[in-house]
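Structure record follows, encoded as structure tokens.
Values in this text are rule-based calculations from the coordinates and carry no lab data. Small disclaimer: the values here were computed from a predicted structure and weren't measured. So basically every Cβ, Gly included, is an ideal-geometry build from the backbone, and we count neighbours across all protein chains shown.
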Protein chains: 2
Amino acid sequence: MTLPSTHPLVDGRTTNSALVSAFSGRRPERRPVWFMRQAGRSLPEYLRVREGVAMLDACLRPELASEITLQPVRRHGVDAGIFFSDIVVPLRLAGVDVDIEPGVGPVLGSPVRTADDVARLRDVGPLTPEALAPVSEGVALTVAELGSTPLIGFAGAPFTLAAYLVEGRPSRDHLGARTLMHADPDTWRELTEWAADVTGAFLRAQVLAGASAAQLFDSWAGSLSLADYTRHAAPSSARALAYVSGLGVRTVHFGTGTGELLAAMRDVGADVVGVDYRIPLDEANRRLGGRTPLQGNIDPALLGAPWPALEAHVRDVVARGSAAPAHVVNLGHGVPPETDPDVLTRVVELVHSL
Amino acid sequence: MTLPSTHPLVDGRTTNSALVSAFSGRRPERRPVWFMRQAGRSLPEYLRVREGVAMLDACLRPELASEITLQPVRRHGVDAGIFFSDIVVPLRLAGVDVDIEPGVGPVLGSPVRTADDVARLRDVGPLTPEALAPVSEGVALTVAELGSTPLIGFAGAPFTLAAYLVEGRPSRDHLGARTLMHADPDTWRELTEWAADVTGAFLRAQVLAGASAAQLFDSWAGSLSLADYTRHAAPSSARALAYVSGLGVRTVHFGTGTGELLAAMRDVGADVVGVDYRIPLDEANRRLGGRTPLQGNIDPALLGAPWPALEAHVRDVVARGSAAPAHVVNLGHGVPPETDPDVLTRVVELVHSL
């Protein structure tokens, strides 16, 4: 496609940033670092601005979402912002009755379990640019503030979204969703295609509004065998990522417990693979054939350990990450709410000093 | 050690059973099958006898625990009973303030987080034979009823127990426990050694009372990297299993999401490795060097799918399991509460027909 000349991608604002360079497989002078869930409950300034505002409302107020996105960039000096949102935001925007219950997570008004439920769901889409306006606006405000620091667009992968839709709330094993994929593969395919379309449109809106990269979060992919992932999750993830192909941005694909799935998660069309803390990056690089930039994989559990233990761990992660064509330092999962923000700042300083 | 001549191990009651044969690496004529959590909420007869009785009370009433253990053996014709209990039973018997909250899981009165907490914990052990009497009695009653069908002893692994002790309740990432192991490795070692001693004594009591095999459940081991498992979990699991070594029974070691850990979990001293549903058994067998009997790995999600899908899956599991020296068919995780018991019976019939 031809991008409008005012489009942020065209002005090259972030092309030479450490993050975009590493995502493109180059080795920038400065090793880029950011943290999944860097915007959120670990920051007192976040807790202040969120006071009295429900989670999904915060995501959909452009100025607030932008401010929250910018807070960790200002505080920690990380190499990227990631747009403050939630994976169920596109569901809400599509008209699904969903809310985030504090201390629980996403809760659906009526879970989607049958072919009829899926048919009804398909009546509520697709997501229009009008519905996505609060997201586009929030991203545009953020990008204007960030200057040459890239913003990463954020979306949940169809399997993880479908798991929430079927279970109706967070679950450990996603049994309902995993049963549906085997019990009624056609309904499952329709459900995940629908989810791919809403989450793809959500991600695309962020890129069109100025995000310099896009990350697809398949939080629960690790509950699948490789065979089930390949057959029942990969096609819809490919469909979601196709919404941002041709826009000139690199894509990252991340899940937890995905040591068996790394190559399959790349092969749906991702440029970069995020690795949780369970396998070391040199091993992840080996499994990916040595040709894929990696992101990760500091163990969040170490953030609560004394500095010498954390420092040794960060140095080890960076050393093993050197095996890959490029490495963006990150956590292997989100920042735990109880994390001391100063520790994150110190990690950024350490990574930048290496 | 010399076993008393009245000991069930000496009378050879179960030596030639399909289960004990397969656990010993032989290929019995009949392919053995049982189900993790076969005793429990999937059975109406269980719900009836549990009415008004708290979970841990049910575990500690010998006649009731025995009846619950026997129910699925009678109903499904499985090749083994597994003693009805909970991994926190030895904690309760040691005097720890712990209960099972319905819909939540184990909840501790006061979580164990510091060196002082651990020191206090060490004052409440060790577990005496007197404290373990309800367990020994329950096992003896069960074994008397089971005849030549073997009973498997049940215990939680020290890492999983320690995760509950530190978190105070079930958690997704076991961050508190995993932070402690890095932040204060000495306290962590003392905590897991204590846990190994109580859970080891609990398992030993079951074997001495007549269990023909012993399974150690490390439910949360899959949250650890191989390096962390080897350093911070394996030593205490070896210590726990040592409590039943020399008693002439085979040991099984099981966890979920443990594809990276299979060999390490065997090498703590287990004879058989349990495999969840995430990797196929031929791959598990390869990772174990082709010399270890396997147990598993029917995906519990398939129990809710139509019979043709489940049947094809069971046949695939059995075919892949043939790669291993021996295979005990089981689920890759516990029976989901909403499972139709007739489906389990049908799986048993299918496995026995193959």
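Couplings 3J(HN,Hα) for the range B:305-317, derived from phi with the Karplus relation 6.51 cos²θ - 1.76 cosθ + 1.60 (θ = phi - 60°), are 8, x, 3, x, 5, 5, 4, 4, 5, 4, 4, 5, 4 Hz, where x marks Gly and Pro. Counting only other chain Cβ atoms within 10 Å of each residue's Cβ, the peptide B:336-343 averages 1. By the helix-only formula, in which each DSSP H run with n ≥ 4 contributes -39500 (n - 2.57) and the sum is divided by residues, the protein assembly as shown has a 222 nm mean residue ellipticity of -13000 deg cm²/dmol.
The range B:78-143 and the range A:43-88 have Cα centres lying 44 Å from one another. Pairs of C-alpha atoms in chain A farther apart than 27 Å represent 42 percent of all such pairs.
At q = 0.06, 0.07, 0.08 Å⁻¹, what log₁₀ I(q)/I(0) does a Debye calculation on the Cα points of the protein assembly as shown give, no solvent, two decimals? Cα-only, vacuum Debye calculation for the protein assembly as shown: -0.36, -0.49, -0.64. When only Cα pairs below 8 angstrom with a gap of at least 6 residues are kept, chain B shows a relative contact order of 20 percent.
Can you classify the range B:33-92 as rounded, prolate or oblate using the Cα gyration tensor, where a ≥ b ≥ c are the square roots of its eigenvalues, rounded means a/c under 1.5, and otherwise it's prolate if a/b beats b/c and oblate if not? The shape class here is oblate. How big is the gap, in Å, between the Cα center of the range B:262-341 and the Cα center of the range B:196-232? Here the two parts' Cα centres lie 19 Å apart.
Across peptide A:271-278, the mean count of Cβ atoms from other chains lying within 10 Å of each residue's own Cβ comes to 2. In the range B:153-207, the ratio of gyration radius to Kirkwood radius, Rg to Rh, stands at 1.02 when only Cα atoms are counted.
Mind checking B:298-307 for the average number of partner chain beta-carbons within 10 Å of each residue's beta-carbon?
Details: counts 0, 8, 4, 14, 4, 2, 7, 8, 3, 0.
For this peptide, the per-residue mean of nearby foreign Cβ atoms is 5.
Working note: Debye formula, equal point scatterers on the alpha-carbon atoms of the range A:1-160, no solvent; log10 I(q)/I(0) at q = 0.15 Å⁻¹ is -0.92.
Looking at chain A, identify the longest residue range that excludes and avoids all GluC sites (Glu not before Pro) in DSSP loops having at most 10 other Cβ atoms within 10 Å. Provide the component values of the computation, followed by the final result.
Numbers: sites that count: A:Glu29, A:Glu51, A:Glu130.
The longest uninterrupted stretch comes out as A:131-354.
Relative to the longest principal axis of the Cα atoms of chain A, the long axis of helix A:158-167 lies at roughly 50 degrees. Helix A:341-353 versus the longest principal axis of chain A: what is the Cα-based angle in degrees, 0 to 90, to the nearest 10? With rounding to tens, the tilt is 60 degrees. In order along the range B:278-295, the Karplus-derived 3J(HN,Hα) couplings, from 6.51 cos²θ - 1.76 cosθ + 1.60 at θ = phi - 60°, round to 7, 10, x, 5, 5, 6, 4, 4, 4, 5, 9, x, x, 10, 10, x, 10, 9 Hz, and Gly and Pro are given as x.
Each of A:Leu303, A:Leu224 was scored by other Cβ atoms within 10 Å of its Cβ. Listed from fewest to most, they are A:Leu303, A:Leu224. Each of B:Phe83, A:Phe159 has some number of other Cβ atoms within 10 Å of its Cβ, and from fewest to most they run B:Phe83, A:Phe159. With its label point put 7 Å out from Cα toward Cβ, B:Pro235 sits 5.1 nm from the same residue's point in the other copies, in order from shortest. Distant-in-sequence amide contacts of A:Asn297, defined by a placed amide H-H separation under 5 Å and a gap of 5 or more residues or a different chain, comprise A:Asn330.
Scanning chain B for the beta carbon that comes closest to the axis linking it by rotation to A yields B:Gly257, 3, distance in whole angstrom.
Using the Cα centre as the reference, give the magnitude of the dipole from point charges on the C-beta atoms of the range A:43-142 (Lys, Arg: +1; Asp, Glu: -1; all else neutral), rounded to the nearest 20 debye. Write down the numbers at each step before the final one.
On the way: 9 positive and 15 negative charges, 38 e Å.
Its charge dipole is roughly 180 debye.
Projecting 7 Å from Cα along the Cα-to-Cβ direction, the label point of A:Ala119 sits 6.9 nm from its equivalents in the other copies, listed shortest first.
Per residue, the convex hull spanned by the Cα atoms of the range A:117-238 amounts to 109 cubic angstrom.
Each other copy holds its own label point for A:Ser148; taking that point as 7 Å from Cα along Cα to Cβ, the gaps run 8.1 nm, nearest first.
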